[in-house]
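Notes for the one structure printed next.
The values are calculated or read from the model by the stated rules, or taken from the named source; none is laboratory data. Not measured: the values here are computed from a predicted model. When we count neighbours, we look across all protein chains shown, and the Cβ atoms used for this are built from the backbone with ideal geometry, even at glycine.
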Amino acid sequence: MGFIQLLKKGNTSSGIAAIGNTVLAILKGIAAAFSGSGTMFASAMHSLADAVNQGFVYFGSALAEMKPSKRFPVGFGRLINIFCMVAVIVVTIMAYETIMKGWKLLKHPSEPSDFLLNLFVLAAAIAVDGFILVKAMKEIAEEARAEKQGNIIVTAFKNAGKASPATRLVFYEDLVATSGAVLALLGIIVTQFFGFLAADGAITILIGLLMIIVAFRVGYDNMVGLIGVAAPTEVENKMAGILLADPDVVDIYKMRMIQEGRIYHIDGIVELRKGLSLAQADDIKFRVMDRLLREPEVADVTLGIIEDDEKRHWKEVSEPT
């Protein structure tokens, strides 16, 4: 697979977000330089961090699509987790710089200028980040194959854990980016019309803290992904339902599903009805494996077969308490 073809398989949301945030970072940086606004500086730093992160994540998501090799037989799915961890480091550094800038403005407040320029840039930021956020929400619903649960926001929050690491990162970052732009707009309005200069520094610090929250959240998700995490319960129950729907499968002796990015690896043993020959049992095993592999999120299946022992082993998995 050529490099260009590989890039075409990269995460769409992160690619769009990287381009959009690069433009916003330039616009906000210019506005911050002319106006001296701390909240605009914080918003510019956030957009710069997002652009770098999402660029990293886009390339990481593309490389994760490389086919397994002899040396790496299970593929490269966890590469995206590594790239997301690099993104977390970038966000943390930018958050620190933002908080320091806000602290200086609290100690030595100054009145920013060029109110209309700041207003225009932040309005553009809200529009662009809001568009990217909605795109990420739609992608979460698509990747999770979720039925609509209320509006798109409710659906996105409920199913974010089932989306790919790249889409989750875009969702969390642009959620904070959009709210950060709204806060920055509030900050310059308060400073301009009410003369409360400390609001500039306070909101700058708040945006920095929001960036840290995103860094910890994304960092945790990807650390779990690198270690290897069990599939969500509804996905496991769905795959179990496919197995048990086969007329020759009596029970599931055991099953383990590992999530890697947005794909799953299934390892299990099923119990077949009594009286089957070895050839018949083999045919059933391959038939059931083929049915599981038709699911787009399933990467590979390892399935063992045993005869029904007349004991019930499989119970529908419930959410952990």
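Data overview
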{"read-out": "Hits in the range 231-252 - residues which are surrounded by 15 or more Cβ atoms within 10 Å (Cβ to Cβ), aliphatic (A, V, I, L, M) and not in a helix (DSSP H, G or I)", "value": "A231, V249, V250, I252"}
{"read-out": "Among residues of the range 269-302, those that are within 25 Å of A64 (Cβ to Cβ) and either in a strand (DSSP E or B) or in contact (Cβ under 8 Å) with a residue 12 or more places away in the chain (or both), counted", "value": "9"}
{"read-out": "Long-range neighbours under 8 Å by Cβ, at least six apart or interchain, first residue of a type in the set (K, R) within the range 154-167, second surrounded by 24 or more Cβ atoms within 10 Å (Cβ to Cβ) and part of a helix (DSSP H, G or I)", "value": "K162/I140"}
{"read-out": "Residue list for the range 172-207, filter: of a type outside the set (A, V, I, L, M), crowded, with 23+ Cβ neighbours inside 10 Å and touching an Asp or Glu at 6+ places or on another chain (Cβ under 8 Å)", "value": "E173, D174, G187, T191"}
{"read-out": "Counted residues, the range 26-77 - those being surrounded by fewer than 19 Cβ atoms within 10 Å (Cβ to Cβ) and part of a loop (DSSP other than H, G, I, E, B)", "value": "11"}
{"read-out": "Cβ-Cβ under 6 Å pairs, at least 6 apart or on other chains, the range 238-259 side within 30 Å of L79 (Cβ to Cβ), far side part of a strand (DSSP E or B) and among the aromatic types (F, W, Y)", "value": "M257/Y264"}
{"read-out": "Among the candidates T204, T233, residue that is at pLDDT below 85, in contact with a Lys or Arg (Cβ under 8 Å, 6 or more places away or on another chain) and among the hydroxyl-bearing types (S, T, Y)", "value": "T204"}
{"read-out": "Count of residues meeting criterion [among the β-branched types (V, I, T) and crowded, with 22+ Cβ neighbours inside 10 Å] in the range 208-230", "value": "2"}
{"read-out": "Cross-chain or 6+ apart pairs with Cβ under 8 Å, the range 185-197 first and over 14 Å from S35 (Cα atoms), then of a type in the set (V, I, T) and buried (at least 18 other Cβ atoms within 10 Å of the Cβ)", "value": "L186/I203; F196/V190"}
{"read-out": "Residues of the range 232-266 classified as more than 18 Å from R287 (Cα to Cα), touching a helix residue (DSSP H, G or I) at 6+ places or on another chain (Cβ under 8 Å) and of a type in the set (A, V, I, L, M), total", "value": "2"}
{"read-out": "Check on V57, in contact with a Phe, Trp or Tyr (Cβ under 6 Å, 6 or more places away or on another chain), β-branched (V, I, T) and touching a residue at least 60 places away in the same chain (Cβ under 8 Å)", "value": "yes"}
